[in-house]
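Here is the structure we will look at, set down as structure tokens.
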Amino acid sequence: MKDRQPMADPAVWPFVRSPGPARDPIVHGLLALAAASALFVAFPAIDVWFSALFYSPGEGFPLAKFEALRWLRGIGDQMVMLAIAAMAVAIAVKLAVPTRRTMLSPRDMLLVFSTLVIAPGILVNVIFKSNWGRPRPVAVDAFGGEFPFVRAWEITDYCARNCSFVSGEASSALWAVTLALFFPPNWRAPVVAVLMALAVLLSLNRVAFGGHFLSDVILSWAMTLTVIAVVYRILTDHPPEALTDSSFERALTKAGVALRRPFRRS
């Protein structure tokens, strides 16, 4: 069984093999991370200035009270749940009818699921948010809180858990762009455009609510894009046989046949 190629349209999806470092999306991601880090570390006042645009003395961050914006925030979690549900259904149908090809490319599902676990899950929420201790804007004294402002990358003990650096929701919002892989190739350009616009809205929504600084969002995006680029490269450029669509299809077919045996005997 041949692999489904290409995994994505190169005109739409940038994480493809590149002829050199100048066009390598992994290098671009790392450079973006380094440049954004240097900017926010050298000029930390940018974070305070940008958050102040959404702050009102005596009211805090009033946009956080808007029901429409609160509803918008929930879209991020809904996209994650829908993506997991879609992959679960695709695998369940394949196991139930092992002779049929999987509705979604197994390798695309692996990319979507693994980047979700690695970027928003492990890298952002486990490594950074749980260890850097940066207080959120609503908690710093410039915006009515009790803690001093802490610049990006500075480790403190002002926050014990679920801290500001970096933004988990911004990471999840940008990760959602990988869901374009689940659409037909001719749909991917508009789907990517919509998902990118939504990622910006969801991410800035957190800044408007006083939940994150601008640097939390920008650095989270750069980290997430780099993770996606690395995983895409592993799964696209001469992947090992175990990571090809045909190998996944064979494994799921065998699993489906094995699951059906007890029912056939009865």
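Numbers below:
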quantity: Condition met for Asp108 (surrounded by 13 or more Cβ atoms within 10 Å (Cβ to Cβ) and among the charged types (D, E, K, R)); calculated: yes
quantity: Condition met for Ile155 (hydrophobic (A, V, I, L, M, F, W, C), at pLDDT 95 or above, under 18 Å from Phe43 (Cα atoms) and open to solvent by 50 Å² or more (accessible area, probe 1.4 Å)); calculated: yes
quantity: Among residues of the stretch 227-266, those that are of a type in the set (Gly, Ala, Ser), in a helix (DSSP H, G or I) and surrounded by fewer than 17 Cβ atoms within 10 Å (Cβ to Cβ), counted; calculated: 5
quantity: Answer residue from the stretch 184-226, given it is more than 16 Å from the chain's Cα centre (by Cα) and among the hydrophobic types (A, V, I, L, M, F, W, C) and is surrounded by the fewest Cβ atoms within 10 Å (Cβ to Cβ) among those; calculated: Trp187
quantity: Hits in the stretch 140-176 (condition: part of a helix (DSSP H, G or I) and in contact (Cβ under 8 Å) with a residue 24 or more places away in the chain); calculated: Ala142, Phe143, Gly168, Glu169, Ala170, Ser171, Ser172, Ala173, Leu174, Trp175, Ala176
quantity: Residue satisfying all of: in the stretch 81-114; in a helix (DSSP H, G or I) and touching a Ser or Thr at 6+ places or on another chain (Cβ under 6 Å); nearest to Ala208 (Cα to Cα) among these; calculated: Val112
quantity: Meets criteria (at pLDDT 95 or above and open to solvent by 50 Å² or more (accessible area, probe 1.4 Å)) for Phe43; calculated: yes
quantity: Residues satisfying the stated conditions in the stretch 130-139, i.e. in contact (Cβ under 8 Å) with a residue 40 or more places away in the chain and either not in a loop (DSSP other than H, G, I, E, B) or not charged (D, E, K, R) (or both); calculated: Pro137, Val138
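The values are calculated or read from the model by the stated rules, or taken from the named source; none is laboratory data. Remember, it's a predicted structure, so these values are computed and weren't measured experimentally. Positions of Cβ are generated from backbone atoms using ideal geometry, with glycine treated the same way; all protein chains shown enter the neighbour counts. What goes into the accessible areas is simple: the full protein's heavy atoms, side chains included, and nothing from ligands, DNA or RNA. Shrake-Rupley method; radii C 1.70, N 1.55, O 1.52, S 1.80 Å.
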